[in-house]
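The values are calculated or read from the model by the stated rules, or taken from the named source; none is laboratory data. Nothing here was measured: the structure is a model prediction, and the numbers come from that model. Note that we place each Cβ from the backbone using ideal geometry, even for glycine, and neighbour counts take in every protein chain shown.
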Amino acid sequence: MRNFGLLGIFVGFCISEFAPAFAQTKPSSDQKAGACSVNVSGNANTVSIKCDGVDRTVAEDIETILNRTLNNVKATKDLSAKLDRLLKEMSLPQTTVAIAPSGIANAAPNMGAQTVNNFAPPARTIPAEIRSECRDLLSRTPLKVSVHALVGDVEGFKYAKEWYDLFAASGWEMADPQVMSIIQFGTPTQGIEISFRGDRPTSSGQLIAIPQSLTPLAACFEKAQVHVIANPYPDTPENFLIFMIGSNPN
């Protein structure tokens with residue numbers, strides 16, 4: 001590929017610069033670069049190409065191309081255009097693609113410009129088309145709510161802020177002036193978890209009945225197509241909701 005690229009550079013130069021002058025008189029000149037050189041001499045427009053260390057087969061192919069295009073204007077123009085594109089491609093830096101799980105690039109040795117693909121799950125958001133409807137639902141039974149997100153989870157905090165703003169716009173009493181960032185010990189919460197006043201389940205897999213006041217919120221969850229973990233606690237104040245946004249489960 002290196003030999004072909006070098007020959008391609010000079011063949012393109014010869015065709016673009018000297019072929020149109022075959023019917024004209026041109027002063028003698030020398031053009032040299034790299035391992036190949038182009039020499040033009042005499043009023044007969046004699047052109048010679050000299051390359052060192054070039055594969056014989058490649059050289060013969062170049063000779064064949066030149067012989068077939070010298071007396072064909074259309075073929076000369078087509079070849080010149082193709083060589084121009086080749087020169088542009090050869091001048092571009094080599095690009096490698098580094099796969100970056102969790103945003104950490106694990107690439108081979110740096111051989112020029114690199115493209116990093118961060119295959120992170122899409123950020124969660126409340127669909128714009130249901131926000132107005134959810135606001136109407138939540139305004140029917142406004143409660144007091146504290147909205148939480150995990151410390152250091154930027155995506156989760158932004159998602160929690162959307163819910164905070166939705167509760168506030170629906171007339172709910174906000175227990176805190178902003179989304180509260182908390183630290184969890186043990187396995188962190190994933191998705192959405194709500195805590196409210198109620199009896200703890202007595203067995204695994206037991207269905208949990210949510211208070212009537214949270215029915216509109218449940219309808220909003222259904223419209224948003226989100227999975228929610230419900231945790232009743234008997235010591236939670238009446239008409240008070242703890243709304244926890246955990247890490248993205250996707």
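Listing for the model above:
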item	result
Evaluation of Ile192 against (1) over 30 Å from the mean Cα position of the chain (by Cα); (2) buried (at least 16 other Cβ atoms within 10 Å of the Cβ); (3) not aromatic (Phe, Trp, Tyr) (one fails), failing number	(1)
Helices (runs of 4 or more DSSP H) (entirely within region 47-142) containing at least 1 residues that are of a type in the set (S, T, N, Q), within 30 Å of Ala219 (Cα to Cα) and modelled with pLDDT of 75 or more	128-138
Residues located in region 156-196, provided they are out of contact with any strand residue (DSSP E or B) (no Cβ under 7 Å at 6 or more places or on another chain) and more than 25 Å from Gln225 (Cβ to Cβ)	Pro177, Gln178, Ile183, Phe185, Gly186
Residue list for region 209-250, restricted to those being free of Cβ contacts under 8 Å to residues at least 40 places away in the same chain, under 43 Å from the mean Cα position of the chain (by Cα), assigned to a loop (DSSP other than H, G, I, E, B) and surrounded by fewer than 13 Cβ atoms within 10 Å (Cβ to Cβ)	Ala209, Gln225, His227
Considering residues of region 165-181 that are part of a strand (DSSP E or B) and over 30 Å from the mean Cα position of the chain (by Cα) only, the residue nearest to Val147 (Cα to Cα)	Met180
Those residues of region 159-179 which are surrounded by fewer than 18 Cβ atoms within 10 Å (Cβ to Cβ), over 20 Å from Ser213 (Cα atoms) and in contact with a Ser or Thr (Cβ under 8 Å, 6 or more places away or on another chain), in sequence order	Glu162, Asp176
